[in-house]
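As structure tokens, the structure follows; a few thoughts come after it.
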Amino acid sequence: MERSQEDALALERQVPQAERQMLHAGSDEFLALWKPANTSEPEGALIILAGAGETADWPKTVGPLRRKFPDAGWHSLSLSLPDLLADSPRARVETAPTPSQPVAQGQSAPAKDTPDNANASVEQATAVEGEASESAAQVQPPVDDDKADAERIFARLDAAVAYAQQHNARSIVLLGNGSGAYWAARYLSERQPAQVQKLVMVAAQAPAQAEQSLDVLAPTLKVPTADFFYTNQAQARRGAEQRLQASKRLKGNTYRQVGLTAMPGNSTAEQEQLFRRIRGWLSPETND
């Protein structure tokens, strides 16, 4: 059983049944958490894609936002990533040994023309080379893994968008947290679904085996994109700066950045800050 499936089973014991929705993505069935907007005229639907290792009710960003936005007039639908092939341990690739040339009948084997110790050196070098090749094969993921992962994730997002449409959402916004932001951006770049009007990225980061970097991907999207990052985290700040510089080299882009302040030890205030800033970007007239 995949880790993400084990997490889903645990969530089923923690989350009210009314919020649990089993959606289908091809041959996969996965758990999504749904909360309808607490209003007769919803603003739209916010689809939240959790990052790697996170659940659909992750206590940072994902869970708080999915619970807060229904009171702000938005449906919320959160989902997690499947286990990624690109992150799984690589299988050892065995290569068949090169067969030696047979000796024809009536012929004697060729005489050695090198000393024994020279042959030993060649054998040692060959062994080291073989070990290095096997090691490389173990850590280098096949290109097809990335494509397979993308297809599974895109299928989940297609299912989530279809579910949101069934509830007459006037607009659909996709929000990705952590590496979920990378996959959300890539989904919009490659699939370009007409139903999704905006993208929100929170603490965005690309997976180690990412096909494209976020500074190449995010600024080129055709939908308005808000990139929320924590200014007092050095790595996040450097990544955001690269994305901002890339966006400045493009004309007519709709990419925007919003700086936040991380508040260690005060998670409640940090999550409230994030919620208010995202809500303000989605609905400027309600910004307070």
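Of everything in segment 166-199 that is of a type in the set (K, R) and not in a loop (DSSP other than H, G, I, E, B), the residue that is farthest from the chain's Cα centre (by Cα) is K198. In segment 211-232 there is at least one residue matching the filter, namely being touching a Phe, Trp or Tyr at 6+ places or on another chain (Cβ under 6 Å) and polar (S, T, N, Q).
For the criterion of being surrounded by fewer than 18 Cβ atoms within 10 Å (Cβ to Cβ) and either within 18 Å of the chain's Cα centre (by Cα) or acidic (D, E) (or both), E270 fails.
Tell me whether segment 251-258 contains one or more residues that are over 24 Å from P59 (Cα atoms), more than 21 Å from the chain's Cα centre (by Cα), outside any helix (DSSP H, G or I) and among the small types (G, A, S). Scanning segment 251-258 turns up at least one residue that is over 24 Å from P59 (Cα atoms), more than 21 Å from the chain's Cα centre (by Cα), outside any helix (DSSP H, G or I) and among the small types (G, A, S). Checking each residue in segment 200-235 for being in a helix (DSSP H, G or I) and of a type in the set (A, V, I, L, M) picks out L214, V216, L217, A218, A234.
Within segment 26-40, residues that are farther than 18 Å from F154 by Cα sit with their Cβ atoms under 6 Å from residues that are among the aliphatic types (A, V, I, L, M) and modelled with pLDDT of 95 or more, at 6+ positions apart or across chains, in these pairs: W34/L77.
Filtering segment 20-54 to residues that are under 26 Å from E2 (Cβ atoms) and open to solvent by 20 Å² or more (accessible area, probe 1.4 Å) leaves R20, Q21, M22, H24, G26, S27, D28, E29, K35, A52, G53, E54.
Of everything in segment 177-209 that is open to solvent by 30 Å² or more (accessible area, probe 1.4 Å) and of a type in the set (A, V, I, L, M, F, W, C), the residue that is farthest from H167 (Cα to Cα) is A208. Every test in (1) without any contact (Cβ under 8 Å) to a residue 60 or more places away in the chain; (2) farther than 20 Å from L46 by Cβ is passed by R276 save one, and that test is (2).
The values are calculated or read from the model by the stated rules, or taken from the named source; none is laboratory data. Bear in mind the structure is a predicted one, so any value in this text is a computation, not a measurement. Cβ coordinates were reconstructed from backbone atoms using ideal geometry, including for glycine residues, and neighbour counts include every protein chain displayed. All accessible areas refer to the heavy atoms of the entire protein, side chains included, with ligands and DNA or RNA removed. Shrake-Rupley method; radii C 1.70, N 1.55, O 1.52, S 1.80 Å.
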